[in-house]
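Below is one structure, written out as structure tokens; the observations come after it.
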Amino acid sequence: MAYIEIDNLQVVLELATGPLAVVKGVSLAVEKGEIFGIVGESGSGKTMTCTTLLGLTPNVARVSAETLSVGEHNLLDKNWAAVRGREVAMIFQDPASALNPVFTIGAQIDAVLRRHTELNKKARRARLLELLEQVGLPDPLRTAASYPHQISGGMQQRALIAMALSAGANTLIADEPTTALDVTVQAQILALLKSLRDQLGLTILFVSHDLAVISQVCDKVAVMLHGEIVETGPADAVLKSPDHPYTRALLDASPKPGSRGTVLPTVAAQMVLHGGSHA
Amino acid sequence: MPELLSVSQVYKSFLISDGMFRKRQLDVLRDINVIIEEGEAIGLVGESGSGKTTLARIIMGMIPADSGEVLFDGLDLTALSKAGRRERRRDMAIVYQNPFVSLNPRLSVLDLVAEPIRAHERMSRAALKQRVTGLLADVGLEESYLNRRIGAMSGGQAQRVAIARALALKPKLIVLDEPTSALDVSVQAQVLNLLANLRATHGYTYLLITHNLDVVRHMADRVLVMSQGEIVEHGATDAILDSPQHPYTQALVAATPKSPSS
């Protein structure tokens, strides 16, 4: 049995206008220590799929699955207190809005440690500094005393990764973790995620719309379209020689060296949901 | 091609507050020199805080430079009278990253696109509507969009409205500030094709600000690389991106994930 097992996952939103199926029979198996990419455009259901692992789907969502488990935890039991933070943690696209602006970085991570561990004040302080060092923050003491606006976006995302790991999570869901960052900072965060996987054996679900980023960090990838997985396999194979026309179309639509002066092939209309936005 | 814009020796600094009473001078632009010829597409790349957007705002005449000269079509915008500056402003337009932030959600598409025309020209309502319909056709939107609001549109459609609005007065220079960063790749492809097509048919001049090197390579003839308020490298796009000379450009190129299919 794989570490993350999703079998026939369905998510239906009960809207005033009627039910809307947003995840339609998704099945995934992610091994421990794997970085597994989920790629797709806005509205393809990639984020909704991930939030079912934390019980963070919106109130109007009805979730069902044959199997939904992470490690020892059967998520269909909905024992979220044992899962959230302790087994599965999540980081988001925009670190500035994920942090609370009125508390220091140290206070925000300490809040997680107080909630999830039995450590006393002194031990929590030691653990806090250890975590900040682990995510590559150069001056842990100073960062711990800083407010979010006093540190850069890259440092904020590192702090959030430290927070995500603070309660001992083995699984990290990274939802577009570098989309809001500059490319050089993006490269650093991607390297950090890989090294944490190597050091701690983290299992990472990496959600992105950026095929180039996915190909750089992921071992395996699933391509989502309209709430379904249309193609899955080793990242190299899927992105170098895709089988499904949608994956091919996504690759062709990206500008690349030599494409100037040519018309970029656009994804066929029936494959595009409603051409949404990431902002 | 005649020179459309010439920026020479422009400096800009801001006073930023450093604690309650202390102020610190932050040099945002240092000795910036740029020449843009008519019909060119120039890329301006650099990271957050490198000064790209401040430079664009100075070029548009939204904020003054501390020193140096900005000549648009041979005229110094800051030296003109208010009315003269207003007249020049119709020759430049800007498209921002996120149409849902830059466009007023309460206005109809008709009013959004008509607003710059109303500010500069007098025409009947029927003529105005006809002109807006034509502009929407240019960006690939049907007439049925006239009375819609952007809240009910996708990111790609809303960005088309922003482009139609920028084209409304047939400007000589269009500043594109991260025009596709908020869009999906399939939609980005459509918007890039649209921009390339408009340039081919109408001869627009673009200043394309972006951090995406693939987009710059696709769109721009020449590229300027900014780092910490200075232009560290400039030249033909392919030459710069294939063999970057400045360490910053080298770092930028090295950090950009390679497209898996190339």
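Quick note: the coordinates plus some simple rules give every number you see, no bench work behind them. Computed from a prediction, not measured in an experiment: that's the story for all the values here. Every residue, glycine as well, gets a Cβ built from its backbone with ideal geometry; the counts of neighbours run over all protein chains shown.
Values for this structure:
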{"item": "J(HN,Hα) series, the stretch A:57-71, from Karplus relation 6.51 cos²θ - 1.76 cosθ + 1.60, nearest Hz, glycine and proline x", "result": "5, x, 4, 7, 8, 10, 10, 9, 6, 6, 9, 8, 9, 10, x"}
{"item": "Per-residue mean of C-beta atoms belonging to partner chains within 10 Å, peptide A:136-142", "result": "0"}
{"item": "Rounded tilt (10° steps) of A:153-165 against the dominant C-alpha axis of chain A", "result": "80 degrees"}
{"item": "Listed pairs B:12/B:82; B:172/B:258; A:46/A:194 exceeding 27 Å between Cα atoms", "result": "B:172/B:258"}
{"item": "Inter-label distance, nm, simple model (7 Å from Cα along the C-beta direction), residue A:81/residue A:248", "result": "5.3 nm"}
{"item": "Rel. contact order, % - alpha carbon contacts under 8 angstrom, at least six apart, chain B", "result": "25 percent"}
{"item": "Burial ordering of B:237, A:232, fewest other beta-carbon atoms within 10 Å first", "result": "A:232, B:237"}
{"item": "Of all DSSP beta bridges in chain A, antiparallel share, percent nearest 5", "result": "60 percent"}
{"item": "Residues whose placed amide H lies under 5 Å from that of residue A:37, excluding near-sequence neighbours", "result": "A:206, A:219, A:220, A:221, A:222"}
{"item": "Mean projected area (nm²) of the alpha-carbon convex hull when the stretch B:101-170 is viewed from all directions", "result": "4.3 nm²"}
{"item": "At most 13 other Cβ within 10 Å, DSSP loop - GluC sites (Glu not before Pro), the stretch A:8-37", "result": "A:31"}
{"item": "³J(HN,Hα) computed for each position of the stretch A:7-22 - Karplus, 6.51 cos²θ - 1.76 cosθ + 1.60, integer Hz, glycine/proline x", "result": "10, 6, 6, 10, 10, 10, 8, 8, 9, 4, 7, x, x, 10, 7, 10"}
{"item": "DSSP-defined beta bridges in the protein assembly as shown - what % are antiparallel, rounded to 5", "result": "60 percent"}
{"item": "FRET efficiency, residue A:123 to residue A:100 (Cβ-Cβ, R0 22 Å, nearest 0.05)", "result": "0.40"}
{"item": "Translational D in µm²/s for chain A (Stokes-Einstein at 4 °C, 1.567 mPa s, Kirkwood Rh from C-alpha pairs)", "result": "66 µm²/s"}
{"item": "Percent antiparallel among DSSP beta bridges (both partners in the stretch B:156-257, rounded to 5)", "result": "55 percent"}
{"item": "Most to least packed among B:9-18, A:102-111 [average Cβ atoms within 10 Å]", "result": "A:102-111, B:9-18"}
{"item": "In Hz, Karplus ³J(HN,Hα) per residue of the stretch B:91-97 (6.51, -1.76, 1.60; θ = phi - 60°; x = Gly, Pro)", "result": "8, 9, 8, 9, 10, 9, 4"}
{"item": "Selected from B:191, B:225, B:101 as most flexible by GNM, with chain B as the system and alpha-carbon contacts under 10 Å", "result": "B:101"}
{"item": "Linear extension gain, residue B:148 paired with residue B:120, 0.36 nm per residue minus alpha-carbon span", "result": "7.7 nm"}
{"item": "Test item: B:250-260 mean partner chain Cβ contacts at 10 Å", "result": "6"}
{"item": "Candidates B:158, B:41, B:251, ranked by Gaussian network fluctuation over chain B, Cα under 10 Å, top entry", "result": "B:251"}
{"item": "Whole-number percent relative contact order across the stretch B:127-262, with pairs defined as alpha carbons under 8 Å at least 6 apart", "result": "15 percent"}
{"item": "GNM top mover of A:59, A:79, A:100 - chain A, alpha-carbon springs below 10 Å", "result": "A:59"}
{"item": "Cα gyration tensor of chain B - equivalent ellipsoid semi-axes, whole Å, descending", "result": "30, 24, 18"}
{"item": "Average beta carbon contacts from partner chains per residue of A:179-188, 10 Å cutoff", "result": "5"}
{"item": "Cα-based reach from residue B:23 at 20 Å (exclusive), listing aspartates and glutamates while leaving out same-chain residues under 8 positions away", "result": "B:66"}
{"item": "The protein assembly as shown - mean residue ellipticity at 222 nm from DSSP helices (-39,500 (n - 2.57) per run, n ≥ 4, rounded to 500)", "result": "-10500 deg cm²/dmol"}
{"item": "FRET efficiency, residue B:238 to residue A:194 (Cβ-Cβ, R0 35 Å, nearest 0.05)", "result": "0.70"}
